[in-house]
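J.: Starting off with a structure, shown below.
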Amino acid sequence: MSPATVEEVFRRLAAANPEPRSDLDYTNAFTLLVAVVLSAQATDAGVNKATRALFAVADTPERMAALGLDGIKERIRTIGLFNNKAKNVLALSERLIAEHGGRVPENRDALEALPGVGRKTANVVLNIAFGHETCAVDTHIFRVANRLDLAPGKTPLAVEKGLMTVIPQPYRRHAHHWLILHGRYVCKARKPDCPACPICDLCPYEPKTPAPADA
């Protein structure tokens, strides 16, 4: 995809949604971190349903640690893999208290050293909580980047590096949100909604879904 076309892709996505935000509910950097950790192999809607009760009583590392493992499990048991995720949430809370004064670090290496936190989670937290220009490549972004020929790659890291090379500077702050939301609601895996796509004419992906009969 040419630089001019890339620019137009993000111009249109930005025009359609100037201030995108995560579908995950959170109140601070810590609850954002926990929500992202819990979202692995789970829907954002399912995570939000569970974290309403969790964050009502534990919105800091200290309060989360005070719940203990059983208290965390009880509140997130509707989320897939809740046993292991509860262990990670407790362990990362204790690590934040012990090593970071109860604060979420604004540092990739420190974030990735926390239990249950990988590169994608660190990218989300750095971007949303601290305003860093990062791109968290999930399955939606991986699919969209390859379909559009925007930043084709065989691994999430390859796609991430490609995107950070081609995304124009003015759009880097919100780029991962636009691409995630586009992949989740329009450029879906099994049946992309091409007739509703604002960048359909710029996309090389075939076959495109047909327009409605009454269009």
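J.: Can you list the equivalent-ellipsoid semi-axes of the chain, largest first and in whole Å, using the square root of 5 times each Cα gyration tensor eigenvalue? Present the calculation step by step, with values, prior to reporting the outcome.
T.: Details: eigenvalues 237, 73, 38 Å².
Those come to 34, 19, 14 Å.
J.: Which order do Thr155, Thr5 take when ranked by solvent-accessible area (1.4 Å probe, heavy atoms of all protein chains), largest first? Numbers along the way, then the final one.
T.: Numbers: Thr155 65, Thr5 35 Å².
Putting Thr155, Thr5 in descending order of accessible area: Thr155, Thr5.
J.: Counting helices only, and only those DSSP H runs with n ≥ 4, report the 222 nm mean residue ellipticity of the chain as the sum of -39,500 (n - 2.57) divided by its residues, in deg cm²/dmol to the nearest 500.
T.: On the way: 10 runs with 121 residues, N = 215.
So the calculated ellipticity at 222 nm is -17500 deg cm²/dmol.
J.: Now, a different point. With labels modelled as points extended 7 Å from the Cα through the Cβ direction, what inter-label distance (nm, one decimal) is found for Arg103 paired with Ala14?
T.: 3.1
J.: Within the accessible area of segment 105-215, what % is carbon and sulfur when the probe is 1.4 Å and the other protein chains stay in place?
T.: Working: 3050 of 5470 Å².
Carbon and sulfur atoms account for 56 percent of the accessible area of segment 105-215.
J.: Say we join alpha carbon atoms closer than 10 Å with springs in a Gaussian network model of the chain; which of Arg103, Arg190, Arg147 then has the biggest fluctuation?
T.: Checking each option, the largest mean-square fluctuation is seen for Arg190.
J.: Let me ask something else. Viscosity 1.567 mPa s, temperature 4 °C: Stokes-Einstein D of segment 18-94 from its Kirkwood Cα radius, in µm² per second?
T.: Working: Rh = 12.2 Å.
Translational D for this selection: 106 µm²/s.
J.: On to the next question. So what is the relative contact order of segment 69-156, in percent, for Cα pairs below 8 Å that sit 6 or more residues apart?
T.: On the way: 67 pairs, mean separation 13.6, N = 88.
Value for segment 69-156: 15 percent.
J.: Taking the Cα centre of the chain as origin, work out the dipole magnitude from +1 charges on Lys and Arg Cβ and -1 charges on Asp and Glu Cβ, in debye rounded to 20.
T.: On the way: 27 positive and 23 negative charges, 90 e Å.
I would put it at about 440 debye.
The values are calculated or read from the model by the stated rules, or taken from the named source; none is laboratory data. Values in this document were obtained by computation on a predicted structure and should not be read as measured data. Cβ coordinates were reconstructed from backbone atoms using ideal geometry, including for glycine residues, and neighbour counts include every protein chain displayed. Surface areas here come from the heavy atoms of the whole protein model, side chains and all, with no ligands, DNA or RNA. Shrake-Rupley method; radii C 1.70, N 1.55, O 1.52, S 1.80 Å.
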